[in-house]
Amino acid sequence: QVQLVESGGGLVQPGGSLRLSCAASGIIFSVHTMGWYRQAPGKQRELVALIRISGSTTYAEPVKGRFTISRDNAKKTAYLQMNSLNAEDTAVYYCNAVLNQNEYWGQGTQVTVSS
């Protein structure tokens, strides 16, 4: 059974930082492209960042220079370091794993940026 379990969300003040983690089980983690997506209230889910098996990365424009995605294949865990957070980053953040036609999602973790 495939499981992606996110952690690290919470309430943070504007300008603050959070680090999200996504622990995977039931898949060969090292061969999956890992991604982070987010969905704000009333909006569609959108890509935040992804990291391929090569280590190459892609970031959405709003988070470039502020967020960093990484992966530890030995720990089967993907990370999203989020700095300089602002109110527009408030959303539920979802972990995603893709290999060919197979795609898996975590349950999401809430990130709220507010003073």
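Observations on the model:
- Selection status of Gly108, small (Gly, Ala, Ser) and touching an Asp or Glu at 6+ places or on another chain (Cβ under 8 Å): yes
- Identity of the residue in the stretch 7-30, in a loop (DSSP other than H, G, I, E, B) and of a type in the set (S, T, N, Q), that ends up nearest to Val113 (Cα to Cα): Gln13
- The stretch 76-91, subset closer than 17 Å to Gln39 by Cβ and free of Cβ contacts under 8 Å to residues at least 60 places away in the same chain, residue most open to solvent (accessible area, probe 1.4 Å): Glu88
- When each of Gly35, Gly106, Gly26, Gly55 is tested for being out of contact with any Cys (no Cβ under 8 Å at 6 or more places or on another chain), among the small types (Gly, Ala, Ser) and either touching a residue at least 60 places away in the same chain (Cβ under 8 Å) or open to solvent by 50 Å² or more (accessible area, probe 1.4 Å) (or both), the lone residue that passes is Gly26.
- Of all residues in the stretch 63-75 being among the basic types (Lys, Arg) and open to solvent by 50 Å² or more (accessible area, probe 1.4 Å), the one that is nearest to Pro41 (Cα to Cα): Lys64
The values are calculated or read from the model by the stated rules, or taken from the named source; none is laboratory data. Treat the numbers as computed from the prediction; the structure is a model and nothing was measured. Cβ: placed from backbone, ideal geometry, glycine included. Neighbour counts: every protein chain shown. Ligands, DNA and RNA are excluded from the accessible area calculation, which covers all protein heavy atoms including side chains. Shrake-Rupley method; radii C 1.70, N 1.55, O 1.52, S 1.80 Å.
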